[in-house]
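Reading through the structure tokens given below for one structure.
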Amino acid sequence: MSLKILAVLEQRDSKLKKSSFEVISKAAELASLSGGSFEAVVAASSVEDAAKAGEYGAAKVTVLSNAAFALPCSSGYAKAVADYAKASGANVLLLSNTAMGKDIAPRIAVKLDAGIMVDAVALGYEGGDLIATRPVFAGKALQEVKLTSEVKVITLRPNVFKAKVSSPGASAEVLSSAVDSPDLKERVTEIKKSEGKLDVAEADIIVSGGRGLKEAGNFNLVEDLADALGAAVGASRAVVDAGWRPHGEQVGQTGKTVSPSLYVACGISGAIQHLAGMSSSKYIVAINKDKDAPIFQVADYGIAGDVFEVLPALTAEIKKIKS
Amino acid sequence: MNIAVCVSHVPDTTTKIRIAADKQNIEQQGVSYILNPYDEFAIEEALKLKEKNGGEVVVISAGGETSKETIRKALAMGADRGVLLKTNGFVDSISLAKALAEEIKSNGSEIVLMGKQSIDYDNSITAQAAAEILGYGCVTVCVDLKIDGTKVIAEREIEGGREVVETSLPVVISAQKGLNNPRYPAIKGIMEAKRKPIAEKDAALGKVHTVLSELKLPSAKNPGRIIGTDSSAVPELVRLLREEAKVI
Ligand SMILES: Cc1cc2nc3c(=O)[nH]c(=O)nc-3n(C[C@H](O)[C@H](O)[C@H](O)COP(=O)(O)OP(=O)(O)OC[C@H]3O[C@@H](n4cnc5c(N)ncnc54)[C@H](O)[C@@H]3O)c2cc1C
Ligand SMILES: Nc1ncnc2c1ncn2[C@@H]1O[C@H](COP(=O)(O)O)[C@@H](O)[C@H]1O
């Protein structure tokens, strides 16, 4: 099968999202491995930096444009992308498994009578087949899946695949294709941003706190370290349920799935539901006074000590090397 | 109001997962199954809507005979009747969505509630796919829902905040934690549930496009190094993060 890949990009506030560059890089890699081709599309009212896709190897980006797309519109985006895929004859659609990617990928798959594999942490090309590896059962097992359909829709877990600048300074050709009759079944009327902070789902470094912090007020220790590292603050469910932290910060099965390059777990035991959300992080550091806590089973580096003593010292050391 | 809730029957999260010899499934021995936790939020929301507006709540589950336990749990919480769509073995989410959509259509349900994901295969596909097949509006990862007449105003969780989404009936909603606090079935509910009907039929599945080549355990990560027991280990930790891991 010769792959004809459509990299489906995402914008927010008219700028491409970082996860979209990961999608382009993977599309470029698969196109070259399979001797196929790829192009990129993005549904938007306008995109300021679409040409930047060129640095990651995209020759062409088509903006599927409609004024109503200034605010996210899943039904509209899904239809616009599916229509474009049909017209262009794409047989593989790659998206990022973001909130938007998850929302639209199944709808696109239904429209194209395609098979779908979501949340891949690896995607290989073997003997003419695409094989996705995805975590299942809260990360306790991995599933390898293939699709038998002619058209395939695949989403990639954000932050797992590398965004590679292959042609520094290159610009993609940006085309615009007006979407005349968008499906506006659902419309976002407002986006309520959580207070100014970096979100765990998008952060490259996360410092998370658990019940070991003892009370809400002590989270300043976690925040200070996060500030020093330029990191987002995360939390276990125990502290979210206790009302110490907002639910948006919760990492784990009932919270967010994250894959940062560094995850620092402070006073978190490492229950399976917590691990489900963070075990694909590249490096994990655990600080927990119980040396037998399960978090040490997944951690790369650990300090089996008291968060109240270790965290201030760690923050000070980070500040020292950063200055 | 005619409300449908789709529920799945999944291994308890605390279950230790062992892979069966054929590498296609998990070893079933010793695994206890539960009502998918997100589906509890879906049921609760359906019951609240019924309490406010009247109507019927039908619970639909596709699976084997044992999925009836999960349907009973939903009935014990207060749903009116159940439907078991019988399936055998591995089914992919879109072909399953097709069967659920058929049943929803035949019930004429205008409000469909599901969970944001099934905690077995963690797909997060079924709700969106069913909505698309039905031609209904859809709001996923929903943490707040208001239905007024045919108008739907929902909030969904996204990276860095929430979106306020407007749509209208008919609609499929996928529930996230935070939408409500699911009730526990009372003894009375559990007794009543035994008498509530569960219809059984074969699932009208769509084409299956997914092939499961292999299920495996993640390669055991080498347990991490415990560098020390107090702040004297901090300089070494920072050195490792800079020089070995190169992440800061
Ligand atoms: C259906 C379901 C879904 C769930 N979803 C999630 C989820 O999404 N995310 C999630 O996190 N959990 C989830 N949970 C809950 C999970 O099972 C755990 O209860 C929770 O993760 C525990 O949080 P914790 O580690 O902060 O608290 P604990 O388990 O109480 O651990 C506190 C840790 O702090 C350590 N400690 C105490 N004092 C100190 C100190 N001074 N210095 C250093 N260390 C100290 C202790 O040794 C202990 O290991 C879920 C549970 C269920 C049943
Ligand atoms: N076998 C099933 N029967 C009925 N509903 C299901 C089934 N599988 C999934 N669902 C519904 O779809 C939601 C999302 O599941 P999934 O797409 O598998 O992650 C679940 O929370 C259920 O509400």
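The values are calculated or read from the model by the stated rules, or taken from the named source; none is laboratory data. Computed from a prediction, not measured in an experiment: that's the story for all the values here. In this analysis, Cβ positions are derived from the backbone assuming ideal geometry, glycine residues included, and neighbour counts consider all displayed protein chains. We work out accessible area using only protein heavy atoms, side chains counted, and drop any ligands, DNA or RNA first. Shrake-Rupley method; radii C 1.70, N 1.55, O 1.52, S 1.80 Å.
Considering only residues that are within 14 Å of chain A (Cβ to nearest Cβ), assigned to a helix (DSSP H, G or I) and either closer than 28 Å to B:Pro185 by Cβ or not small (Gly, Ala, Ser) (or both), which ones fall in region B:103-133?
Selection gives B:Thr126, B:Ala127, B:Gln128, B:Ala130, B:Glu132, B:Ile133.
Can you tell which of A:Lys214, A:Lys256 is among the basic types (Lys, Arg), open to solvent by 40 Å² or more (accessible area, probe 1.4 Å) and either out of contact with any Leu (no Cβ under 8 Å at 6 or more places or on another chain) or on the phi > 0 side of the Ramachandran plot (or both)?
It is A:Lys214.
Would region B:107-118 turn up any residue that is away from ligand 2 (no atom under 16 Å from the Cβ) and surrounded by fewer than 21 Cβ atoms within 10 Å (Cβ to Cβ)?
yes
Tell me the strands (runs of 3 or more DSSP E) entirely within region A:1-97 that contain at least 1 residues that are without any contact (Cβ under 8 Å) to a residue 40 or more places away in the chain. First the steps, then the outcome.
Details: elements: A:4-9, A:37-44, A:60-65, A:92-96.
Once the strands (runs of 3 or more DSSP E) in region A:1-97 are filtered for at least 1 residues that are without any contact (Cβ under 8 Å) to a residue 40 or more places away in the chain, what remains is A:37-44.
Pick out the one residue from A:Ile295, A:Ile284 that is within 11 Å of chain B (Cβ to nearest Cβ), open to solvent by less than 10 Å² (accessible area, probe 1.4 Å), touching a helix residue (DSSP H, G or I) at 6+ places or on another chain (Cβ under 9 Å) and near ligand 1 (Cβ under 9 Å from one of its atoms).
Being within 11 Å of chain B (Cβ to nearest Cβ), open to solvent by less than 10 Å² (accessible area, probe 1.4 Å), touching a helix residue (DSSP H, G or I) at 6+ places or on another chain (Cβ under 9 Å) and near ligand 1 (Cβ under 9 Å from one of its atoms) holds for just one of A:Ile295, A:Ile284, which is A:Ile295.
What is the residue count in region A:239-265 for residues that are out of contact with any Gly (no Cβ under 9 Å at 6 or more places or on another chain) and under 19 Å from B:Val141 (Cβ atoms)?
Result for region A:239-265: 3.
Scan (1) without any contact (Cβ under 8 Å) to a residue 12 or more places away in the chain; (2) outside any loop (DSSP other than H, G, I, E, B); (3) not acidic (Asp, Glu) for the single condition B:Ala21 breaks and write down its number.
(2)
With the structure loaded, tell me whether B:Thr87 is of a type in the set (S, T, N, Q) and crowded, with 20+ Cβ neighbours inside 10 Å or whether it fails that test.
So B:Thr87 does not fit the description; no.
Would you mind telling me which numbered condition in (1) in contact with a helix residue (DSSP H, G or I) (Cβ under 7 Å, 6 or more places away or on another chain); (2) within 16 Å of ligand 2 (Cβ to nearest atom) A:Glu249 fails?
(2)
Within region A:298-315, identify whether any single residue is more than 16 Å from ligand 2 (Cβ to nearest atom) and over 20 Å from B:Thr229 (Cβ atoms), and answer yes or no.
Scanning region A:298-315, I find no residue that is more than 16 Å from ligand 2 (Cβ to nearest atom) and over 20 Å from B:Thr229 (Cβ atoms), so the answer is no.
Need pairs with beta-carbon distance below 6 Å; first residue closer than 13 Å to A:Ile318 by Cβ and facing chain A (nearest Cβ under 7 Å) and within region B:230-243, second open to solvent by 70 Å² or more (accessible area, probe 1.4 Å) and basic (Lys, Arg); sequence gap 6+ or separate chains.
So the pair list comes out empty.
Could you say which residue among A:Ser279, A:Ser208 is hydroxyl-bearing (Ser, Thr, Tyr), open to solvent by 30 Å² or more (accessible area, probe 1.4 Å) and touching a residue at least 60 places away in the same chain (Cβ under 8 Å)? Even if it seems obvious, please write down each step before you answer.
Numbers: A:Ser208 fails: open to solvent by 30 Å² or more (accessible area, probe 1.4 Å).
Going through A:Ser279, A:Ser208 in turn, just one is hydroxyl-bearing (Ser, Thr, Tyr), open to solvent by 30 Å² or more (accessible area, probe 1.4 Å) and touching a residue at least 60 places away in the same chain (Cβ under 8 Å): A:Ser279.
Got a number for residues in region B:20-46 being within 16 Å of ligand 1 (Cβ to nearest atom) and either more than 27 Å from B:Ala76 (Cβ to Cβ) or open to solvent by 20 Å² or more (accessible area, probe 1.4 Å) (or both)?
Number of matching residues: 7.
Pick out the one residue from A:Ser194, A:Ser181, A:Ser176 that is touching a strand residue (DSSP E or B) at 6+ places or on another chain (Cβ under 6 Å), more than 12 Å from chain B (Cβ to nearest Cβ) and of a type in the set (Ser, Thr, Tyr). Lay out the reasoning, then the answer.
Working: A:Ser194 fails: more than 12 Å from chain B (Cβ to nearest Cβ); A:Ser181 fails: touching a strand residue (DSSP E or B) at 6+ places or on another chain (Cβ under 6 Å).
Matching residue, one of A:Ser194, A:Ser181, A:Ser176: A:Ser176.
Does region B:166-188 include one or more residues that are more than 21 Å from the chain's Cα centre (by Cα), open to solvent by less than 30 Å² (accessible area, probe 1.4 Å) and of a type in the set (Val, Ile, Thr)?
yes
Taking the conditions exactly as written (open to solvent by less than 60 Å² (accessible area, probe 1.4 Å) and on the phi > 0 side of the Ramachandran plot), does A:Gly234 satisfy them or not? Write out each step before concluding.
On the way: open to solvent by less than 60 Å² (accessible area, probe 1.4 Å): yes; on the phi > 0 side of the Ramachandran plot: no.
No.
Residue under question is B:Lys201, and the condition is that it be at pLDDT 95 or above and surrounded by 14 or more Cβ atoms within 10 Å (Cβ to Cβ); does it hold?
Values: at pLDDT 95 or above: yes; surrounded by 14 or more Cβ atoms within 10 Å (Cβ to Cβ): no.
No: the conditions fail for B:Lys201.
Just give me the residues in region A:133-158 being closer than 17 Å to A:Ala31 by Cβ, within 10 Å of chain B (Cβ to nearest Cβ) and part of a strand (DSSP E or B), in sequence order.
The answer is A:Lys152, A:Val153.
Please enumerate the residues belonging to region A:298-323 that are more than 12 Å from ligand 1 (Cβ to nearest atom) and in a strand (DSSP E or B).
Listed by number, the list holds a single entry, A:Tyr301.
Within region A:159-256, which strands (runs of 3 or more DSSP E) (wholly inside it) include 1 or more residues that are over 18 Å from A:Tyr283 (Cα atoms)?
Hits in region A:159-256: A:173-178, A:187-193.
Looking at this structure, is B:Ile17 open to solvent by less than 20 Å² (accessible area, probe 1.4 Å) and either within 28 Å of A:Val145 (Cβ to Cβ) or of a type in the set (S, T, N, Q) (or both)?
Spelling it out, B:Ile17 is indeed open to solvent by less than 20 Å² (accessible area, probe 1.4 Å) and either within 28 Å of A:Val145 (Cβ to Cβ) or of a type in the set (S, T, N, Q) (or both).
How many residues does region B:104-114 hold that are in contact (Cβ under 8 Å) with a residue 24 or more places away in the chain and more than 17 Å from B:Ser174 (Cβ to Cβ)?
Going through region B:104-114, the residues in contact (Cβ under 8 Å) with a residue 24 or more places away in the chain turn out to be B:104-105, B:107-114.
Adding the requirement that they be more than 17 Å from B:Ser174 (Cβ to Cβ) leaves B:105, B:107-108.
Selection size over region B:104-114: 3.
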